[in-house]
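The values are calculated or read from the model by the stated rules, or taken from the named source; none is laboratory data. Keep in mind that what you see is a predicted model, and the values were worked out from it rather than measured. Glycine also receives a Cβ, built like all others from the backbone with ideal geometry; neighbour counts cover every protein chain displayed. Protein only, heavy atoms only, side chains kept; ligands, DNA and RNA dropped before computing areas. Shrake-Rupley method; radii C 1.70, N 1.55, O 1.52, S 1.80 Å.
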Amino acid sequence: MSISSEHKPLAKQVTGSLHMLPPIVELNVGGEMYTTTLSTLKKHPGSKLAEMFTGQHKLRTDSKGRIFIDRPGTYFKYILEYLRSNQVPTQCIQDVYKEALFYDIEPLIKQLEDSPQIFGERVARKQFLARVPNYSENIELMIRIARAEAVASRYSRVIICVVKTEEDVARCQDALNSLDMDKKSVVKFGPWKAAPSIYDLLDCIEMDVKDKGYKISLQAHVAEKGFRFKSQDFFHIIQFTWW
């Protein structure tokens with residue numbers, strides 16, 4: 001039984017070779033269509049992108065015969081513009097940086113790493129967070145607690161304790177013993193030896209949880225009257241909104 005054309009596979013693998021690849025190349029990058037030259041794609045010989053078109057790798061084509069690359073097509077235009085004119089993108093820096101890393105275009109990677117956005121993230125923020133013990137693990141713990149408390153609820157709230165110094169750790173423990181809360185549900189961040197403040201770390205926590213797709217808000221924890229000092233010195237509430 002023959003297979004009609006509309007039921008044929010949308011993509012197939014082809015083994016490219018130098019004489020098979022035309023000087024003008026049509027690309028389908030994640031559903032976005034591009035036309036460029038083979039020499040542009042091979043501009044940086046050591047890159048993964050250039051290696052794709054040496055004839056040594058299997059390439060996939062779509063139903064129209066265009067070479068298919070399964071990456072976000074939106075940002076490939078910035079990659080292509082750099083290859084054509086050495087123009088470093090000024091938009092979508094973080095996303096273009098990820099694509100530059102994937103395609104291993106070393107000159108673009110280095111130039112993007114000098115941009116304020118990437119420099120600030122890699123050298124300033126990431127280096128700071130590396131000095132906060134178990135930061136990533138505590139983010140995941142906080143999310144697990146919030147999800148566990150989300151059953152049949154629109155909101156769930158997680159209490160976090162943020163302490164910068166060893167002295168604050170002792171004060172925080174005294175406060176924790178006095179607060180009317182389930183101590184197991186309190187996630188502690190810190191201490192750390194770096195210039196950023198408690199509120200800088202709170203900004204990082206909010207940023208990283210939102211980057212995971214969660215809708216949250218940050219509130220200071222207000223203790224009952226008669227408490228020895230302000231609980232918001234250390235304790236804060238992360239509220240997750242589920243719907």
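Quick notes on this structure:
- Taking (1) more than 13 Å from Asp104 (Cα to Cα); (2) open to solvent by 20 Å² or more (accessible area, probe 1.4 Å); (3) assigned to a loop (DSSP other than H, G, I, E, B) in turn, Arg60 satisfies each apart from (3).
- Residue within the stretch 117-135 that is surrounded by fewer than 16 Cβ atoms within 10 Å (Cβ to Cβ) and over 30 Å from Thr165 (Cβ atoms) present: yes
- Hits in the stretch 97-107 - residues which are closer than 14 Å to Leu49 by Cα and either part of a loop (DSSP other than H, G, I, E, B) or not charged (D, E, K, R) (or both): Ala100, Leu101, Phe102, Tyr103, Asp104, Ile105, Pro107
- Qualifying positions in the stretch 68-81 - part of a strand (DSSP E or B) and open to solvent by less than 20 Å² (accessible area, probe 1.4 Å): Ile69
- Scanning the stretch 83-111 for residues that are surrounded by 15 or more Cβ atoms within 10 Å (Cβ to Cβ), more than 24 Å from Thr37 (Cα to Cα) and touching a residue at least 24 places away in the same chain (Cβ under 8 Å) returns a single hit, Ile93.
Yes or no, residue by residue, for (1) more than 30 Å from Phe234 (Cα to Cα); (2) not in a loop (DSSP other than H, G, I, E, B):
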{"residue": "Leu83", "(1), (2)": "yes, yes"}
{"residue": "Gln91", "(1), (2)": "yes, no"}
{"residue": "Ile139", "(1), (2)": "no, yes"}
{"residue": "Ser153", "(1), (2)": "no, no"}
{"residue": "Cys161", "(1), (2)": "no, yes"}
{"residue": "Lys164", "(1), (2)": "no, no"}
{"residue": "Pro191", "(1), (2)": "no, no"}
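- Some residue of the stretch 41-48 being at pLDDT 95 or above, part of a helix (DSSP H, G or I), more than 30 Å from Asp211 (Cβ to Cβ) and not basic (Lys, Arg): yes
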